[in-house]
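Report on the structure given below.
Taken together, the values in this text are just the output of simple stated rules run on the coordinates, not laboratory data. From a predicted model like this one, the values you see are computed outputs, not experimental measurements. Positions of Cβ are backbone-derived with ideal geometry, glycine not excepted, and every protein chain shown enters the neighbour counts.
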Amino acid sequence: MMVSKNNLNKGQNKKPCWVIKIGSALLTADGKGLDEQAIAGWVKQMAQLQNQGVRIVLVSSGAVAAGMQRLGWTKRPHALHQQQAAAAIGQMGLIQLYESVFQQYDLHTAQILLTHEDLSNRKRYLNARGTLREVLKLNVIPVINENDTVATDEIRFGDNDSLAAMVANLVEADRLLILTDQDGLFDRDPRKFSDANLIKQAEAGSIELESYAGDSGSLGRGGMLTKIRAAGRAARSGASTHIVNGRTENILLRLHEGEAHGTLLVPTAGRVAARKQWLATHMQSCGDLLLDRGAVKVLRESGRSLLPVGVTAVHGDFARGDMVRCLDHEGREVAHGLVNYSSVEARKIIGHASDRIESILGYVDEAELIHRDNMVVF
Ligand code: GLU
């Protein structure tokens with residue numbers, strides 16, 4: 001066996017994946033604690049989408065605001081550690097609520113707390129990615145927030161906008177939906193100018209967009225600027241971003257039906273090209289894997305993952321998560337991708353079937369040496 005059957009994400013039959021980010025101002029009814037009715041409405045739509053074959057990843061803010069309500073605080077404290085404490089307290093309520101509402105639709109949730117550092121560290125990136133992939137495979141809804149106890153990026157600036165974009169990169173989402181209390185991005189602040197025009201569609205990452213961004217609201221940290229930047233980041237792995245009003249009735253279902261709402265920011269290069277570019281520029285290659293003829297054929301023709309059995313030699317010194325090149329027997333580059341095992345581990349498992357990995361190494365991280373999702377074939 002040369003290839004993995006466990007080829008979850010890529011190929012013709014890949015299910016679409018949506019990262020849905022809901023901001024604090026929406027979730028907490030402008031500061032009056034969690035808006036359970038609104039949350040029930042989004043959950044109902046997400047459950048319906050999940051049943052229709054869309055993989056849903058929820059990025060939810062609202063922990064600080066929910067914690068403030070539990071503590072009876074009416075004003076957001078200035079001290080970061082107080083906001084962090086509120087987040088730790090409020091996160092409990094947030095998760096309790098999501099789990100109980102999703103259960104009405106026979107769906108479970110998984111709490112995933114991440115930081116920006118987690119996703120820039122290759123090992124943690126791969127671990128987070130592996131966990132998320134498994135959670136999605138189990139048909140469970142990941143509910144993601146920043147780990148506010150150990151990081152303050154989203155508390156201070158992002159209101160999870162940038163975290164959501166990083167998650168979109170992580171799961172290689174097709175779409176990032178940013179639900180907000182505005183109708184989208186306008187060319188001027190619509191709260192100040194009645195003649196402001198809605199930007200219906202634009203290229204993510206265009207510099208001009210930033211000049212349209214106004215100030216952020218008082219409750220959530222993220223204004224339009226963080227949303228525009230998030231769209232630019234999400235576009236790198238090929239995701240389009242919708243900035244829409246979360247209060248529009250059945251907004252998620254309507255977007256799924258193809259209705260145009262709010263602002264759509266699309267990757268400049270097109271989804272597939274953007275994703276390939278993202279992988280190609282992700283990092284310098286740290287080593288080479290030499291493939292046998294069968295593996296070369298399978299990568300080129302079947303679009304599957306690379307298993308250890310198809311590799312004849314390992315060159316270089318690399319760690320799990322590093323970029324490596326895959327070469328044919330004449331040294332031509334066939335593909336490159338992010339490797340699941342270090343060079344030391346790879347040398348031990350090459351030439352062997354994946355079900356032998358555990359007996360050779362004493363553990364198994366993944367059946368594939370490079371998962372198809374993490375590979376660009378030339
Ligand atoms: N992670 C924070 C939260 O869930 C971000 C939003 C905020 O600071 O209000 O509350």
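The figures follow:
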quantity: Where chymotrypsin sites (Phe, Trp or Tyr not before Pro) fall in DSSP loop in region 140-198, at most 16 other Cβ within 10 Å; calculated: Phe193
quantity: Residue with peak Gaussian network fluctuation, the chain [Cα springs, cutoff 10 Å], from Pro77, Pro142, Pro267; calculated: Pro77
quantity: Cut-off 13 Å between beta-carbons: net charge of the residues surrounding Gly90, Lys and Arg +1, Asp and Glu -1; calculated: 0
quantity: Exposed-loop-free span, longest in the chain, where GluC sites (Glu not before Pro) count as exposed if DSSP calls them loop and at most 12 other C-beta atoms lie within 10 Å; calculated: 1-248
quantity: Cα long-axis angle, helix 293-302 against the chain (0 to 90 degrees, to the nearest 10); calculated: 30
quantity: Segment Glu117-Thr152, extension gain: residue separation times 0.36 nm, minus the distance between their alpha carbons; calculated: 11.5 nm
quantity: Region 107-173: C-alpha gyration tensor shape, a/c 1.5 cut-off, then a/b vs b/c; calculated: prolate
quantity: Residue among Leu361, Leu327, Leu289 with the largest mean-square fluctuation in a Gaussian network model of the chain, springs linking Cα atoms under 10 Å; calculated: Leu361
quantity: Scattering profile of region 135-199 at q = 0.16, 0.18, 0.20 Å⁻¹ [log10 I(q)/I(0), Debye over alpha-carbon scatterers]; calculated: -0.74, -0.86, -0.95
quantity: In region 12-73, chymotrypsin sites (Phe, Trp or Tyr not before Pro) in a DSSP loop with at most 15 other beta-carbon atoms within 10 Å; calculated: Trp73
quantity: Local electrostatic count at Met68 - Lys and Arg +1, Asp and Glu -1, tallied over other residues with Cβ under 12 Å; calculated: +4
quantity: Cα centroid separation, region 300-378 to region 114-158 (Å); calculated: 25
quantity: Global form of region 61-122, assessed from the alpha-carbon gyration tensor, a/c cut-off 1.5; calculated: oblate
quantity: The chain: radius of gyration over Cα atoms, expressed as a fraction of 2.2 N^0.38 Å; calculated: 1.04
quantity: Antiparallel DSSP beta bridges within the chain, as percent of all bridges there, nearest 5; calculated: 35
quantity: Top of Gln69, Gln96, Gln83 by mean-square fluctuation, Gaussian network on the chain, Cα under 10 Å; calculated: Gln96
quantity: D (Stokes-Einstein, µm²/s), Kirkwood Cα radius, region 154-263, 1.567 mPa s at 4 °C; calculated: 93
